[in-house]
Amino acid sequence: MKYIKINPADNVAVALEDLRKGEVVEGVTLTMDIPRGHKIVLKDLKANDNVIKYGFPIGHVTRDAAAGTLVNHECIKTNLEGLLEYKYEPLDYVKADNDPSQTKTFSTRKGSEKVLSAPEVRTFKGYRRADGQVGVRNQIWVIPTVGCVNGICQQIVDRFKAEMAGQAGHDGDRHARPDRASSVDAIVTFPHNYGCSQLGGDHENTRTVLKDMVHHPNAGGVLVVSLGCENNQLDAFRELCGPVDERRVKMFVCQKVDDEVAYGVERLKEIYAVASQDVREEVPVSELRVGLKCGGSDGLSGITANPLLGVFSDWIVAQGGTTVLTEVPEMFGAETILMNRCQDEATFGKTVSLINDFKEYFMKQGMPVYENPSPGNKAGGISTLEEKSLGCTQKCGKSIVRGVLKYGERLSVKGLNLLSAPGNDLVASTALGASGCQIVLFTTGRGTPFGSFVPTMKISTNTPLYEAKPSWIDFNAGVLAQDEMMADVAPRFIDYVLAVASGEPVNNEKHGIREIAIFKQGVTL
């Protein structure tokens, strides 16, 4: 198949590979070349007619567009405006609390096919923590309370690794050089620019995300390093963190010790002595909390990789696990689909606030709510925010929405959750990790090498990207645009995610790419 008409109501098709002038699509002869991922007009459109894709309007054409031609961002304009009023109109399966994650079939371009059998109980090998959480990694994190000590934190990590390498022949990172005597797979610091000269919400965002990291189950131990004079004072931060295992979580102020690097190394040794004894054990998939994210999307994102994540999301929810969808600006235009899947009116109300609060944030900055598709998105075939959102939201499948989280808030209910965060890749992925997700699944049509502070698995929407960037891409969903069926690809993908949860490193980990980014809205003093 060289193209796809996603929904019977659509008046455009999408090229699954480069198409040439003269080829026939849905009985229409192409009058120009159509690049992969881009939209083909199936019937003559007059100026201001809606373009229908996924069964929904994705905007309107600004000029006449003849059948057989390309329609893209140059001739499509969004229908989105500002704040809207919403009405809760739950779907029938929501009213009956009959979560479709329990179903056994999935509708694809090749028809309704069996994807997975009735949910069997699956497990992975994780680290059971004292607070009941389960980690998929056993790492030691060095976290600065303020950007001023970023360099000190790196020196502490470097000296610790050098000393350990000299003593035991390893460098503290099992993904680089195996250390059979220890289960600690990485020792990492996470520099950031904040912790001082911030007010109000920005100050609290910084403190909250760093606190969330202290309590994250992927960390077998944490060393918190403070300067001493910053706004993010260590005593107040310690109080914010609440009870911690003091064998695994240690904090100190650089201005209160003589040699901060030597002092930090000694604290790391104490943490390492405890964390290195941790062992993996079989735990049910219900303990998994997985973030769903996309970036560098293209016209195939909503056809291959995002639907694959949707199948996975429904499967893990059926297992009693948790998935989290974020990128609120990329819900605009598809928000009612999510709202009508909310479990009750209270959850619906939180989702309305999630959407409208973010729109108000845009408008307070004097920015239009619909100006989202990036140059890369447009080059890949995405023309409007509605189109991007309708593809983006497919990552969460069809499950009932059980929870809605504010930025920095940690997960408290299992099942599908929505999280407030922007579309920015690193900010949103950090927010997913901060909410408690142990893994982030990241679909991309253009490719990106970044990684957050949890394993960040890249899933390509197209095979050429997978072949061109093997050091970036971990799994290829592009085969779904070729000859493979969802029924074959989904189980293989599930097995791979469980292997990663059990310790198999993904590319960002192999290459030591781990970063955090904290949401900033206000002034810097």
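Counting just the residues of segment 83-97 that are assigned to a loop (DSSP other than H, G, I, E, B) and at pLDDT 90 or above, which one comes out farthest from residue 379 (Cα to Cα)?
At the first step, the residues of segment 83-97 found to be assigned to a loop (DSSP other than H, G, I, E, B) are 83-91, 96-97.
Add one more test, that the residue is at pLDDT 90 or above, and what stays is 86-91, 96-97.
Working: 86: 33, 87: 35, 88: 36, 89: 36, 90: 36, 91: 35, 96: 42, 97: 41 Å.
Result: 96.
Hey, residue 197 hits all of (1) surrounded by fewer than 21 Cβ atoms within 10 Å (Cβ to Cβ); (2) under 19 Å from the mean Cα position of the chain (by Cα); (3) of a type in the set (Ser, Thr, Tyr) but one; which does it fall short on?
(2)
Select, from 209, 214, 225, 184, the only residue that is over 26 Å from the mean Cα position of the chain (by Cα) and modelled with pLDDT of 95 or more.
Values: 209 fails: over 26 Å from the mean Cα position of the chain (by Cα); 214 fails: over 26 Å from the mean Cα position of the chain (by Cα); 184 fails: over 26 Å from the mean Cα position of the chain (by Cα).
Only one candidate passes the filter, namely 225.
Out of 317, 244, I need the residue that is under 21 Å from residue 434 (Cα atoms) and not assigned by TED's automatic domain parsing to the domain that holds residue 185. Which one?
317
Got a sec? Which of 301, 353, 313 is touching a Lys or Arg at 6+ places or on another chain (Cβ under 7 Å) and of a type in the set (Ser, Thr, Tyr)? Working first, answer last.
Values: 301 fails: touching a Lys or Arg at 6+ places or on another chain (Cβ under 7 Å); 353 fails: touching a Lys or Arg at 6+ places or on another chain (Cβ under 7 Å).
Exactly one of 301, 353, 313 is touching a Lys or Arg at 6+ places or on another chain (Cβ under 7 Å) and of a type in the set (Ser, Thr, Tyr), namely 313.
Got a number for residues in segment 328-343 being at pLDDT 95 or above and assigned to a loop (DSSP other than H, G, I, E, B)?
3
Collect the residues in segment 462-497 that are aromatic (Phe, Trp, Tyr) and over 22 Å from the mean Cα position of the chain (by Cα), keeping them in residue-number order. Quick ask: steps written out before the conclusion?
Narrowing segment 462-497 to residues aromatic (Phe, Trp, Tyr): 466, 472, 475, 493, 496.
Answer for segment 462-497, where residues must be aromatic (Phe, Trp, Tyr) and over 22 Å from the mean Cα position of the chain (by Cα): there is none.
I'm trying to understand the selection: among the residues of segment 262-271, which are surrounded by 17 or more Cβ atoms within 10 Å (Cβ to Cβ) and either on the phi > 0 side of the Ramachandran plot or out of contact with any Phe, Trp or Tyr (no Cβ under 8 Å at 6 or more places or on another chain) (or both)?
271
Just to be sure, is residue 430 in a helix (DSSP H, G or I) and of a type in the set (Val, Ile, Thr)? Working first, answer last.
Values: in a helix (DSSP H, G or I): yes; of a type in the set (Val, Ile, Thr): yes.
Answer is yes for this residue.
Of everything in segment 5-32, what is surrounded by fewer than 17 Cβ atoms within 10 Å (Cβ to Cβ), within 26 Å of residue 376 (Cβ to Cβ) and in contact with a strand residue (DSSP E or B) (Cβ under 7 Å, 6 or more places away or on another chain)? Give them in sequence order.
Correct list: 32 only.
For segment 397-416, how many residues are of a type in the set (Lys, Arg) and either under 14 Å from residue 338 (Cα atoms) or buried (at least 22 other Cβ atoms within 10 Å of the Cβ) (or both)? Explain how you work it out, then say what you get.
First, the residues of segment 397-416 that are of a type in the set (Lys, Arg): 398, 402, 406, 410, 414.
Filter again for either under 14 Å from residue 338 (Cα atoms) or buried (at least 22 other Cβ atoms within 10 Å of the Cβ) (or both), leaving 398, 402.
Selection size over segment 397-416: 2.
Look at residue 398 and say whether it is basic (Lys, Arg), in a loop (DSSP other than H, G, I, E, B), in contact (Cβ under 8 Å) with a residue 12 or more places away in the chain and in contact with an Asp or Glu (Cβ under 7 Å, 6 or more places away or on another chain).
Numbers: basic (Lys, Arg): yes; in a loop (DSSP other than H, G, I, E, B): yes; in contact (Cβ under 8 Å) with a residue 12 or more places away in the chain: yes; in contact with an Asp or Glu (Cβ under 7 Å, 6 or more places away or on another chain): yes.
For residue 398, the condition - basic (Lys, Arg), in a loop (DSSP other than H, G, I, E, B), in contact (Cβ under 8 Å) with a residue 12 or more places away in the chain and in contact with an Asp or Glu (Cβ under 7 Å, 6 or more places away or on another chain) - is met.
Filter segment 344-373 down to residues that are of a type in the set (A, V, I, L, M, F, W, C), part of a helix (DSSP H, G or I) and in contact (Cβ under 8 Å) with a residue 12 or more places away in the chain and give me whichever is nearest to residue 91 (Cα to Cα).
Narrowing segment 344-373 to residues of a type in the set (A, V, I, L, M, F, W, C): 346, 348, 352, 354-355, 358, 362-363, 367, 369.
From the residues that got through so far, the ones that are part of a helix (DSSP H, G or I) too are 346, 348, 352, 354-355, 358, 362-363.
Right, trim to in contact (Cβ under 8 Å) with a residue 12 or more places away in the chain and you get 348, 352, 354-355, 358, 362-363.
Values: 348: 12, 352: 17, 354: 20, 355: 20, 358: 25, 362: 30, 363: 31 Å.
My answer is 348.
Looking for something part of a loop (DSSP other than H, G, I, E, B), at pLDDT 95 or above, outside the structural domain of residue 189 (by TED's automatic domain parsing) and of a type in the set (Lys, Arg) - is there at least one such residue anywhere in segment 468-485?
Yes, there is a match, as at least one residue in segment 468-485 is part of a loop (DSSP other than H, G, I, E, B), at pLDDT 95 or above, outside the structural domain of residue 189 (by TED's automatic domain parsing) and of a type in the set (Lys, Arg).
Results for (1) out of contact with any helix residue (DSSP H, G or I) (no Cβ under 8 Å at 6 or more places or on another chain); (2) assigned by TED's automatic domain parsing to the domain that holds residue 377; (3) charged (D, E, K, R), shown as yes or no for each residue.
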residue	(1), (2), (3)
232	no, no, no
273	yes, no, no
295	no, yes, no
309	no, yes, no
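Suppose we filter 80, 70, 84 for residues that are touching a Phe, Trp or Tyr at 6+ places or on another chain (Cβ under 6 Å) and touching a residue at least 24 places away in the same chain (Cβ under 8 Å); which single one remains?
On the way: 70 fails: touching a Phe, Trp or Tyr at 6+ places or on another chain (Cβ under 6 Å); 84 fails: touching a Phe, Trp or Tyr at 6+ places or on another chain (Cβ under 6 Å).
Among 80, 70, 84, only 80 is touching a Phe, Trp or Tyr at 6+ places or on another chain (Cβ under 6 Å) and touching a residue at least 24 places away in the same chain (Cβ under 8 Å).
Kindly establish whether residue 301 is within 25 Å of residue 120 (Cβ to Cβ) and either assigned by TED's automatic domain parsing to the domain that holds residue 460 or surrounded by fewer than 24 Cβ atoms within 10 Å (Cβ to Cβ) (or both). Reasoning before the result, please.
Numbers: within 25 Å of residue 120 (Cβ to Cβ): no; either assigned by TED's automatic domain parsing to the domain that holds residue 460 or surrounded by fewer than 24 Cβ atoms within 10 Å (Cβ to Cβ) (or both): yes.
Here the answer is no, as residue 301 does not meet what is asked.
Here are 479, 497: which of them is of a type outside the set (Ser, Thr, Tyr) and crowded, with 22+ Cβ neighbours inside 10 Å? Please lay out each step first, then the result.
Values: 479 fails: crowded, with 22+ Cβ neighbours inside 10 Å.
Result of the check over 479, 497: 497.
Among the candidates 308, 268, 300, 288, single out the residue that is at pLDDT below 95 and not basic (Lys, Arg).
Working: 308 fails: at pLDDT below 95; 268 fails: at pLDDT below 95; 288 fails: at pLDDT below 95.
Every option except 300 fails the conditions.
Restricting to segment 368-396, and then to whatever is charged (D, E, K, R) and in contact with a Leu (Cβ under 7 Å, 6 or more places away or on another chain), can you tell me which residue is surrounded by the most Cβ atoms within 10 Å (Cβ to Cβ)? Spell out the reasoning first.
First, the residues of segment 368-396 that are charged (D, E, K, R): 371, 378, 386-388, 395.
If we keep only those that are in contact with a Leu (Cβ under 7 Å, 6 or more places away or on another chain) too, we end up with 386, 395.
Values: 386: 26, 395: 29.
Here the residue is 395.
Kindly list the number of the only condition in (1) part of a loop (DSSP other than H, G, I, E, B); (2) surrounded by fewer than 19 Cβ atoms within 10 Å (Cβ to Cβ); (3) not β-branched (Val, Ile, Thr) that fails for residue 80.
Unmet for residue 80, out of (1) part of a loop (DSSP other than H, G, I, E, B); (2) surrounded by fewer than 19 Cβ atoms within 10 Å (Cβ to Cβ); (3) not β-branched (Val, Ile, Thr): (2).
Just to verify a result, which residue in segment 231-258, among those that are over 20 Å from residue 140 (Cβ atoms) and among the charged types (D, E, K, R), is surrounded by the fewest Cβ atoms within 10 Å (Cβ to Cβ)?
Top of the filtered list is 258.
Tell me, which residue of segment 33-77 that is β-branched (Val, Ile, Thr) and in a loop (DSSP other than H, G, I, E, B) is surrounded by the fewest Cβ atoms within 10 Å (Cβ to Cβ)?
Applying the filter and picking the extreme gives 62.
Filter segment 470-512 down to residues that are of a type in the set (Val, Ile, Thr) and touching a Phe, Trp or Tyr at 6+ places or on another chain (Cβ under 8 Å) and give me whichever is farthest from residue 292 (Cα to Cα).
473
Does any residue in segment 92-104 that is on the phi > 0 side of the Ramachandran plot and not assigned by TED's automatic domain parsing to the domain that holds residue 401 come within less than 8 Å, Cβ to Cβ, of a residue that is at pLDDT below 75 and in a helix (DSSP H, G or I) six or more places away or on a different chain, and which pairs are these?
Close Cβ pairs satisfying both conditions: none exist.
The values are calculated or read from the model by the stated rules, or taken from the named source; none is laboratory data. Fair warning: this is a prediction, and the values are worked out from it, not measured in the lab. Cβ coordinates were reconstructed from backbone atoms using ideal geometry, including for glycine residues, and neighbour counts include every protein chain displayed.
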